[in-house]
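All remarks here apply to the structure that follows.
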Amino acid sequence: MAEANWYVVHTYSGYENKVKANIEKTIENRHLEEQILEVRVPMQDVVELKNGARKQTQKKMFPGYVLINMVMNDDTWYVVRNTRGVTGFVGPGSKPVPLTEAEMKPLGINAGSVIVDFEEGDEVVVTGGVWKDTAGVVQSVNQGKQIVTINVEMFGRETPVEISFAEVKKAL
């Protein structure tokens, strides 16, 4: 399988979240989860002063653009390019150019992948986030999205929860 890279897609301004939702729906409908791994609208925290009060809000880093982590082939190119609100990929002519690791670093997106020491059926402990100190059994490992699905007991029943690799370690 070819390697997934991050690409920039130009959209109508103000349609970034709608484009993201449409692409994610198409991924699900066409079963392209293994080829289009992630769709992001980069956000940044901004402190605004309104009526003398400081208010922290989130603003789009790049209005009119969406980032997509995908394997570039004819199918994925067609799906993204023909999504309502998309005007095209960023690159010369009609040829999309992937972002380099140096370009990804300031966005807070780690291009490298994490190697994990657990697999399906292993017991793990969550080390951070909302589920900190919770133990669970690994149901699935998604290397592309860098997440693990574990079953945790909630209200007396097993419930699947998706957690980032960075927040999980193998139970001793």
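Figures for the structure shown
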quantity	calculated
For the stretch 126-160 and the stretch 15-62, distance of Cα centres in Å	24 Å
Farthest positive-ward along the chain dipole, Cα basis, beta-carbon charges - from PRO92, VAL47, GLY121	VAL47
Anchor LYS105: lysines whose Cα lies under 29 Å away (excluding residues fewer than 8 positions away in-chain)	LYS18, LYS20, LYS25, LYS55, LYS59, LYS60, LYS95, LYS132, LYS145, LYS169, LYS170
Loop-located GluC sites (Glu not before Pro) in the stretch 1-92 whose Cβ has at most 13 other Cβ within 10 Å (DSSP)	GLU3, GLU33, GLU34
Nearest 10 degrees, 0 to 90: helix 16-30 Cα axis against the chain principal axis	60 degrees
Gyration tensor (Cα) of the chain, equivalent ellipsoid semi-axes in angstrom	31, 23, 15
Charge dipole (debye, nearest 20) of the chain; +1 at Cβ of Lys and Arg, -1 at Cβ of Asp and Glu	1140 debye
Simple Cβ-charge dipole of the stretch 78-172, Lys/Arg +1 and Asp/Glu -1, about Cα centre, in debye nearest 20	660 debye
Computed magnitude of the charge dipole of the stretch 1-46 (debye, nearest 20; Cβ of K, R +1, Cβ of D, E -1)	240 debye
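Throughout, read-outs are computed from the coordinates displayed, never taken from laboratory work. Everything quoted here is computed from the prediction, not taken from an experiment. As a convention, Cβ positions derive from the backbone with ideal geometry for all residues, glycine included, and neighbour counts pool all protein chains shown.
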